[in-house]
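Undergrad: Questions regarding the structure given below will be posed in turn.
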Amino acid sequence: MTLTRRGAHGLTRTSSLLNSLVELPDLARTIQALPATTFAALVRKVGVEDAGALVALATTEQLVQAFDGELFVSDRAGERESLDVGRFVVWLEALLEAGDEVAAARVAELDEDLVAHALGGVLLVLDEDTLRDRLEESDEDAARQVDKALESALTEDIDGYVLVAKQHDGWDAALTLVLALDRNHRALLVRLLDRLARVGNACLDDLEELSTALSQGESLAEDAEAAREERRSKQGYVEARAARAFLSLARKPPADEERPTDRDPLTRAYFRELERARPAPDPAAHAAVQALPPAVLRELEELGAGGGTPALSGPSTRTTAMGAFAEALRDLGAEVPTLFGERMEELAYLANVLVAGHDRDGARLGPKEAADAAIATVCYGAVIEVRARRSEGERKAPPTPTEFGEVLRRRSGDVLFRVASRTLAAGAAPSVKSARKSGVLYSTEELEAAIS
């Protein structure tokens with residue numbers, strides 16, 4: 001059992017949260033009222049293997065959110081994220097805990113490209129007639145080798161298709177799902193098997209056709225990944241390669257035609273898509289969550305924030321840059337709430353960019369680390385703006401909350417981040433050695449060192 005550090009009145013063990021939820025009188029309504037991001041974080045915290053009861057009750061939106069966040073991985077930040085078949089198997093087994101028919105019904109609600117791609121990682125599907133024809137056309141030795149390979153593999157014949165296990169792990173779960181789909185969602189299963197058979201049958205031909213099969217398999221992956229990226233962009237996530245491109249652009253000097261207030265095309269596209277997809281509030285769902293026991297509600301709120309919401313606490317003294325900047329943000333929230341909301345969305349965007357596209361000494365940033373880096377770097381950009389408006393003799397004095405407030409009214413957070421990043425990349429903060437390469441300040445301490 002994994003211990004987690006919490007406050008004196010908080011939940012002290014991961015299992016405590018799960019037990020507290022399971023004991024609720026209306027668990028289904030409570031789970032389905034959670035924001036999709038909170039549900040995904042909840043399952044991640046308790047572990048998919050122990051969350052079968054929660055997974056079975058989830059809405060389709062919640063499942064899609066969890067799948068999109070958990071099933072796709074990359075070796076390094078900023079690289080293409082691809083489906084992890086092993087993780088898919090774990091999730092499928094969790095779904096099957098509620099029964100194969102329930103699991104089939106849930107899978108039938110998911111994006112078909114995702115399901116085809118995921119099953120294709122576990123199963124090789126061959127058309128039985130095509131397989132027989134190829135064996136009859138081949139020489140005797142080749143046909144014997146194929147027969148021997150099929151005999152030693154895990155296989156299943158279903159209505160003219162031969163299903164062959166690509167790996168032992170996941171075969172039982174995948175076959176159980178296929179059989180359940182065959183009973184209750186036959187049209188979907190036929191479409192899935194047809195798509196997978198078009199890929200699998202090419203493996204029976206020569207090397208040229210095998211190359212075609214590999215490209216077709218890549219097409220399945222691209223379809224699933226494109227659909228996932230579209231869904232996640234509407235939820236505020238940043239695609240890894242777009243994040244890397246933004247960070248690379250941020251470190252470069254501005255183009256001759258670029259104005260200081262210009263927002264880059266990647267960020268413009270992000271916020272345009274986010275605005276179109278902004279969901280209407282659901283008062284009933286909010287009320288259901290707020291009615292939870294206080295300890296459970298606190299835990300879920302922490303999960304929903306993911307540790308990645310930029311904090312306004314900072315040092316208590318306003319004589320430090322971060323303290324004055326945090327005070328300016330709080331004042332903005334009281335005076336111009338709409339603009340404050342925009343600035344907080346921009347900080348959250350930058351934190352997402354750093355999670356998706358940046359690594360520090362080869363290690364990816366967690367949500368809290370990324371949020372700290374985002375606000376420290378934006379604050380440094382605001383310091384640069386304040387100093388640019390001062391006379392020569394006043395530039396070293398600490399910025400005041402009023403001066404920061406004026407900057408925040410004129411400049412968006414992403415523009416301030418780029419101002420900071422290109423200044424750091426140019427070597428303006430030699431006391432922070434990592435800043436020249438990264439274009440990022442990771443903490444309040446690095447911020448204070450950079451401006452001293």
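Undergrad: Cα centroid distance between the range 78-147 and the range 369-412, in Å?
TA: So the separation of the two Cα centres works out to 54 Å.
Undergrad: Sticking with this structure for a sec: What shape does the range 40-89 take by its C-alpha gyration tensor, where a ≥ b ≥ c are the square roots of the eigenvalues and a/c under 1.5 counts as rounded, a/b above b/c as prolate, and the rest as oblate?
TA: The shape class here is prolate.
Undergrad: How large is ³J(HN,Hα), in whole Hz, for each residue of the range 48-60 in order, when computed from phi with the Karplus curve 6.51 cos²θ - 1.76 cosθ + 1.60 and θ = phi - 60°, using x for Gly and Pro?
TA: 4, 4, 9, 10, x, 5, 6, 4, 5, 8, 5, 6, 4
Undergrad: Now for a separate question. Starting from a Cα-only point model with no solvent, please compute log10 I(q)/I(0) by Debye for the range 26-143 at q = 0.11, 0.13, 0.18, 0.21 1/Å.
TA: Debye intensities relative to I(0), on a log10 scale: -0.47, -0.59, -0.92, -1.18.
Undergrad: Of all the Cα-Cα pairs you can form in the range 88-178, what percent are over 21 Å apart?
TA: 39
Undergrad: Based only on Cα atoms, what Rg/Rh ratio does the range 346-418 have, Rh being taken as Kirkwood's radius?
TA: With Rh from the inverse mean 1/r over Cα pairs, Rg/Rh is 1.06.
Taken together, the values in this text are just the output of simple stated rules run on the coordinates, not laboratory data. In this text the structure is predicted, and so the values were computed from the model without any measurement.
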